[in-house]
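First the structure, in the form of structure tokens, and then the observations on it.
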Protein chains: 2
Amino acid sequence: MTRPIDLDPAWLPDEALRGVGTRRVLVLGDGPLVDTVRHEVAYARAQFGGEQGYDDGSSCELLLRIADSGGADGGGENRGGEGGEGGDAGREGFTLERDGTRTTVTATAPAGLLYGFFHVVRLGATAFLAAPPQTHRPALALRMLNHWDNVAVHPVMGQVERGYAGGSLFWRDGRARGDLPRVRAYARLLAACGINAVGVNNVNVHETEAHLLSDRIDEVAAIAAELRAYGIRTHLSVSFAAPVLLGGLGTADPLDSGVRAWWEEAAANVYRHIPDFGGFVVKADSEGQPGPFAYGRSHADGANLLADALAPHGGTVHWRAFVYDHRQDWRDRSTDRARAAYDHFAPLDGEFRDNAVLQVKHGPMDFQVREPVSPVIGALPRTRVAVEVQATQEYTGQQRHVCALAPLWSEVLRFRPDGDHGPNVGSLVRGGGLVAVSNAGHDPFWTGHPLAQLNLYAFGRLAWQPDADPDELLDEWVELTYTPDRTADPERLRSGLRAVLRDSWATYEKYTAPLGVGFMVQPGHHYGPSVDGYEYSPWGTYHFADRDGIGVDRSLATGTGYAAQYAKPWSETYETPETCPDDVLLFFHHVPYGHLLHSGKTVIQHIYDTHFEGVEEVEAARRTWASLADLVAPARHTRVTERYEEQLRGAREWRDQVNSYFLRKSGVPDAGGRRIH
Amino acid sequence: MTRPIDLDPAWLPDEALRGVGTRRVLVLGDGPLVDTVRHEVAYARAQFGGEQGYDDGSSCELLLRIADSGGADGGGENRGGEGGEGGDAGREGFTLERDGTRTTVTATAPAGLLYGFFHVVRLGATAFLAAPPQTHRPALALRMLNHWDNVAVHPVMGQVERGYAGGSLFWRDGRARGDLPRVRAYARLLAACGINAVGVNNVNVHETEAHLLSDRIDEVAAIAAELRAYGIRTHLSVSFAAPVLLGGLGTADPLDSGVRAWWEEAAANVYRHIPDFGGFVVKADSEGQPGPFAYGRSHADGANLLADALAPHGGTVHWRAFVYDHRQDWRDRSTDRARAAYDHFAPLDGEFRDNAVLQVKHGPMDFQVREPVSPVIGALPRTRVAVEVQATQEYTGQQRHVCALAPLWSEVLRFRPDGDHGPNVGSLVRGGGLVAVSNAGHDPFWTGHPLAQLNLYAFGRLAWQPDADPDELLDEWVELTYTPDRTADPERLRSGLRAVLRDSWATYEKYTAPLGVGFMVQPGHHYGPSVDGYEYSPWGTYHFADRDGIGVDRSLATGTGYAAQYAKPWSETYETPETCPDDVLLFFHHVPYGHLLHSGKTVIQHIYDTHFEGVEEVEAARRTWASLADLVAPARHTRVTERYEEQLRGAREWRDQVNSYFLRKSGVPDAGGRRIH
């Protein structure tokens, strides 16, 4: 519980423990996770001088207890939502009772007690006011982070692929980092926002990393021990070619009996070291990673191979759906990367094992600031589907720009693939879960940009409760992280933080790629604008801007047909420029610069206006942040101030390059007469 | 003399030594370089069974001798050209006498004898036919290669900055490579084409490389010993900040007495290890390298500091003129990188020491396939100026494309800065010399692409004789390297090699950046097209293409004024689109796509046509090369064949991206109705 020196407390500053630490608390129950709760209580008491409750609990103010276990393990079966009354809370749920004198957290299992404890922390003083009883349980059983951390520093991608928060928490220069106290501190933060699974290495599994599965499993086990203390199961990204790479077999064919036996033994070996191991994460036949296609087998064959090996031990395989041709010819407008995941996976519905989860990126492309929701999510009703989002801000400012992503993720989770009367994505992924690529690293602020901590926190909370309001999660995070009530001007701090964060995604969208067109970034590192950066590349990411117009025709009638991968009403909505929402217009249609948006503006004027507005909003946010200097810890304030300098420089660069590009190409002057270069 | 196994013999195959090796040869004279000649003769004899001449020379067929020294060392003073009759041949010259029975090479110094020997090799059987006596001497005293080789592998630039021929000949992974036989074999090749100076490390001097000057001078000395055996002096790139970096001084101010004393001792120390050390090469105040500007001093102050330290030992400082703002704002069209070298250095004429050479890139930008000749070259009549060219093909196909550069260099050397009646560049650099960035590395073919050997060879020959005809140098190289007479079809081989090489520069120009506009390359590595790759960058390399036209206005009347840096008539010629030569039109002017070239074509049609033609020419060259399979050694033929595959792929990519870019932007259809994407 003791934090390593110089490490930012994020959303668990000691101050957040005041409510617990100043009261008489009793913890009843047994097992390692109950002990974790007990240690948390002891730590809080040490900070604030609270008293331990009596053994009989008669005078305690907070009682945390394991109830007699009446129900089955509710984890995987849990269909409940947040805030329901009574009923089975499941293995991870808990019931909160408050009579004004005593607050009682009752869980049927230790994990629930831990989450109940952190719920009390989150409520602060409110936890001790009288209120009707509530049962809380996670809507999604699987709330996972994937770390794209390399063990050996990759010559191009570095220690962490798409990492913007220093080195890896787990690995350094080819070895386990060995900073286990920090791993435990990380686990504590994750548990406090509801995350219960972590993949500890990059889905791109290179030579060195492949060995984590076999002769280096000890290093994974050491990390797993720390994560386990906070109820988090460890997952490992593995190479589909492992039987060849590690086992010396001549094939990795998923139907080969030798291969099957090899994986069975590999899985058994992992469980000998990590009894509660979560399972494998696999990127196969994707961007150069090996996969079942090499053997003429389907991705169901591939996933089931690993699922079968894990099944006896209770593990799950997460099979990523990010399969597309990354050696596309830009001259060929009939091939559409956006179509690829659906084309590959929709026909396989029903063929996957029960312990296989298809992990689907939230959009059809790759974590752009704006994409339509992937049609794959609703297309496999007989398959466990997880949605993958990206907390690490690869395309959203790389933690040098403020971009609070919960509103984006919330839009995805609320999207209804079958229209208003069908289930939303948040419901559809109950069986599979929600996964984020982690934005945390060895940086003392965890996430490089201190305000990017919000994304990690809000991800966990949304995974627990997909219909949570992003604005409320922001407020929740502000209260925990900045403890406004302990400052000289709580309301100024609250409103300032809200102002710089709440609409920051919209701001980022404004000054970058317009109207859903995506990918106007510098190739390779993906930071900063390059309007034509991917226009003539093999990566399948084009905008086709010419002097007359811009956008990709993905209609069924005249384009690539991607729009038809959606069910109605979306297939119809997206099919024509007239019905297509403005914010994804250029994703679905190639239109003239003079095309009139639903907003009443032309496309070209929208581009100019949003790019000027975006920069103005960054300037305003920077001023707001500066005005909070007296209310925020100096180190944190300084770090954010520095990042705002870079964000403003970057936003201006985006504005000027994008506007200049389109003025030069379209010849249409800005109606506002502003300076474009 | 014995070649390391598996190393391509380049232009010194044993077969080229047949003329010497089958005859009776006598070598008269003393000293290490005479011994080198003697060893060469012995090696040739060992291959072909020729006899040693009698001591009195009465019956020998080839006599190589040092004459009684009558003249002074002619090196630095040499004003002679190739092929003159009689007179002083200088330290590096020689006289060739052929009476049909005996051929006699007479030199006043050992270096001349070595060059005379290789001249005889070059002549082959012709060397033994009767002819009038001829005296040969180098037009330029300094014929230098700069290796941009790093000692430690640079995280971005690698072992060799802009190297396309494997690792470095000199360094590997932070240490001297220690492959001294290969260094000697390299020196032999260089001597055979007339090169007499080599800079052994990158002009970008990083931390590790800085130490070559001080505690690692032994490693340089070991290389120098090998180069010395073939008459080549070793040069070292040094950091201007060395007194701070290595000496621990608080300043590197060139007028500081402590700094001056430090450099004097540093130079003295170098000469204790390398008595014939050539001098320093310095990139200062350029692309992040330190320089005198930091102390408010001029570049003359900086250069003279090092010149004074070297003077007592006979060394020379090569001070690079590549000084410009590489953090330019692309929005600011008044700043012009092309102007920078002239603006910085022209005012300093007359202020440099006699042993300081100002090393100027041949064009004002950076080794583009087409640039005007730098106005700096003619602007400093009281300064020793060297012209720097780039044998390594950074912007000309990176030794994956065939691009024979001697025609480009020859155009530069024949350019007359003051018009028809003034001296040409070849004459203007007599005091300074010619420098090439080497294209050689640890590749078994020396230069990656076997046909790129021609660039190294032709560079040396042009430095010796700047008015040499590039076509004749090509033929010379073909005879030496491919010994056509020893093949089944000499004329097919000769005409095939001529066909694929002679116009390859023009071909490369056709399919890449048009009309002198330059820099439409991928940022960073500079390989392959990216029309807007540098358009919004800080590097000062723009084309300003919009829907109406393209090009940079560098006129005095309406542009950056760069054209006025030239003397008449060029300042007038370049000032208007009407008088400006087509091939640099877009370098000097922004014109509409419909602008009519002197060729009679519009700019846009020229772009389309040349790009289609360029690819067709590569296709033809590839077929021609394929037809030579029976006449070329298999390993060499295979390597070139592989490179042609890549060249063709690359040329098509250039064609399609450039044409698509301009069609999309201009909207002007191709008059030929060809497919543009």
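The values are calculated or read from the model by the stated rules, or taken from the named source; none is laboratory data. Computed from a predicted model, the values in this text were never measured in an experiment. Cβ atoms come from the backbone with ideal geometry, glycine included; neighbour counts cover every protein chain shown. What goes into the accessible areas is simple: the full protein's heavy atoms, side chains included, and nothing from ligands, DNA or RNA. Shrake-Rupley method; radii C 1.70, N 1.55, O 1.52, S 1.80 Å.
So the values come out like this:
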| read-out | value |
| --- | --- |
| Protein-protein interface of the range B:310-344, residues with accessible area decrease of at least 50 Å², isolated chain reference, 1.4 Å probe | B:330, B:331 |
| Interface burial for A against B (accessible surface, 1.4 Å probe, total of both chains, Å², rounded to 100) | 2200 Å² |
| Mean projected area (nm²) of the alpha-carbon convex hull when the protein assembly as shown is viewed from all directions | 55.7 nm² |
| Using a 7 Å Cα-to-Cβ projection, residue B:296 label spacings across copies, nm, ascending | 8.0 |
| Among A:600, A:513, B:648 - extreme Cα towards positive end, dipole of the protein assembly as shown, charges at beta-carbon | B:648 |
| Separation between Cα centres of the range A:574-600 and the range B:409-435, rounded to whole Å | 60 Å |
| Other copies of residue B:59: label-to-label distances in nm, shortest first, labels 7 Å along the beta-carbon direction | 12.7 |
| Kyte-Doolittle mean at least -1.0, axial Cα span of 15 Å or more - DSSP H helices of chain A | A:32-48, A:110-123, A:180-193, A:217-228, A:257-273, A:299-310, A:453-464, A:470-482, A:490-501, A:603-626 |
| Distant-in-sequence amide H partners of residue A:150 (H built 1.01 Å from N, under 5 Å) | A:160, A:161, A:202 |
| For the protein assembly as shown, size of Cβ-based charge dipole, Lys and Arg +1, Asp and Glu -1, in debye | 380 debye |
| Accessible carbon and sulfur surface of the protein assembly as shown relative to its total accessible area, %, 1.4 Å | 49 percent |
| Relative contact order (%) - criterion: Cα under 8 Å, at least six apart; region: chain B | 11 percent |
| Inter-part distance where the range A:649-677 and the range B:459-478 are each reduced to a Cα centre, Å | 50 Å |
| Dipole of the protein assembly as shown, positive end: most advanced residue of A:484, B:450, B:107 [Cβ charges, Cα centre] | B:107 |
| Equivalent-ellipsoid semi-axes of the range B:549-665, from the Cα gyration tensor, Å, largest first | 38, 18, 12 |
| Amide H contacts under 5 Å for residue B:363, placed H, 5+ residues apart | B:374 |
| Cα gyration tensor, chain B - rounded (a/c under 1.5), prolate or oblate | oblate |
| Residues whose placed amide H lies under 5 Å from that of residue A:549, excluding near-sequence neighbours | A:593 |
| Neighbour count of at most 15 Cβ within 10 Å plus DSSP loop: longest GluC sites (Glu not before Pro)-free window in chain A | A:288-577 |
| Heavy-atom surface of chain A, accessible at 1.4 Å and reported per residue (Å²) | 34 Å² |
| Positive-pole candidate from A:316, A:126, A:183, dipole of the protein assembly as shown, charges at beta carbon | A:183 |
| Inter-copy spacing of residue B:343 label points, which lie 7 Å from Cα along Cα→Cβ, given in nm from shortest upward | 5.2 |
| Compactness of the range A:302-347 as Cα Rg over 2.2 N^0.38 Å, two decimals | 1.62 |
| Burial of 20 Å² or greater, the range A:526-546 residues [accessible area, probe 1.4 Å, versus chain by itself] | A:532, A:536, A:546 |
| Partners for residue A:568 among lysines (Cα-Cα distance below 23 Å; same-chain residues under 8 apart left out) | A:361 |
| Positions from the range B:624-667 whose accessible area shrinks by 50 Å² or more when the full protein complex is built, not the chain alone, probe 1.4 Å | B:657, B:664, B:665 |
| Given charges at beta-carbon only (K, R positive; D, E negative), |dipole| of the range A:543-677 in Debye | 360 debye |
| Contact order relative to length of the range B:152-196, as percent, for alpha carbon pairs under 8 angstrom and 6 or more apart | 27 percent |
